[in-house]
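Just so it is clear, none of the values below were taken in a lab; they were calculated from the coordinates. Only a predicted model underlies this, so the values are computations on that prediction, with no experimental measurement involved. A quick note on method: Cβ atoms are made from the backbone with ideal geometry, for glycine too, and the neighbour counts reach across all protein chains shown.
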Amino acid sequence: MSKKGKFAPAIKSSVATKPAVLTPSVATTQPASQTTPRPVTRPASQTTPATSSPHLLIQGGEQDQHQHHHHNPHQHQSVPANATLQQRRAYFALTRIRKLADEWKDEPKKQKEFNSYASAMPFMIHANGLGQTAAFYRRKGPDHTYYRLYQLLGDWLREADQPFAGSTDLLDGITQFSMDAYLAAQVEAMLFLDWVKKLASAFLARDEENGS
């Protein structure tokens, strides 16, 4: 089958009425006005840009975790329209893994399982192909950690500009789309899972032997 488509305004004082009275008063207060406000206002204006946070996900989003963690971990900027494909992969994976971290905050066992299965998935795709690997991860059912990886990968590969765009499920895309789409999806799965592994290791609990 073929792949489915996709100032403040300036205040004028009436100087004309009392020209002689203004001159001495300004002369006496001028040194104080020069020393007091100017050194105070300039440092304050310099601190404003430092508080603005940079765009999300320059390299994987590790800095973004520290900037947003104490506010709302899911209230992020959306990925920029001109973001690279690599940035979009990372942003998609980061958003989903943060949700899992919240969902499993009291379940370190599931976090460790996800880390372990995420590390194994690219090797299985390389050895057995995307189709067999997807079927293996799907067979455990929606309550199992395997399924969460199956779902995450499928959701990415079904994005608007991805090989299985328009498909309702990862296995549907694998079995119903063209061979060209399948091969493109297999390559894209490996690239996307590289981000999943890195970010899962950063945000989820992991076994010591797998924590390097």
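Could you size up the charge dipole of the stretch 94-206 around its Cα centre, putting +1 on the beta carbon of Lys and Arg and -1 on that of Asp and Glu, and report it in debye to the nearest 20? My answer is approximately 520 debye. Net charge near GLN132, counting Lys/Arg +1 and Asp/Glu -1 over other residues with Cβ under 15 Å of its Cβ? Surrounding charge for GLN132 is +3. Using only alpha-carbon positions in the stretch 95-212, the gyration tensor eigenvalues give semi-axes of 25, 14, 13 Å once each is multiplied by 5 and square-rooted (largest first). Among the lysines of the stretch 94-206, pairs at least eight places apart or on separate chains and with Cα atoms under 20 Å apart come to 16.
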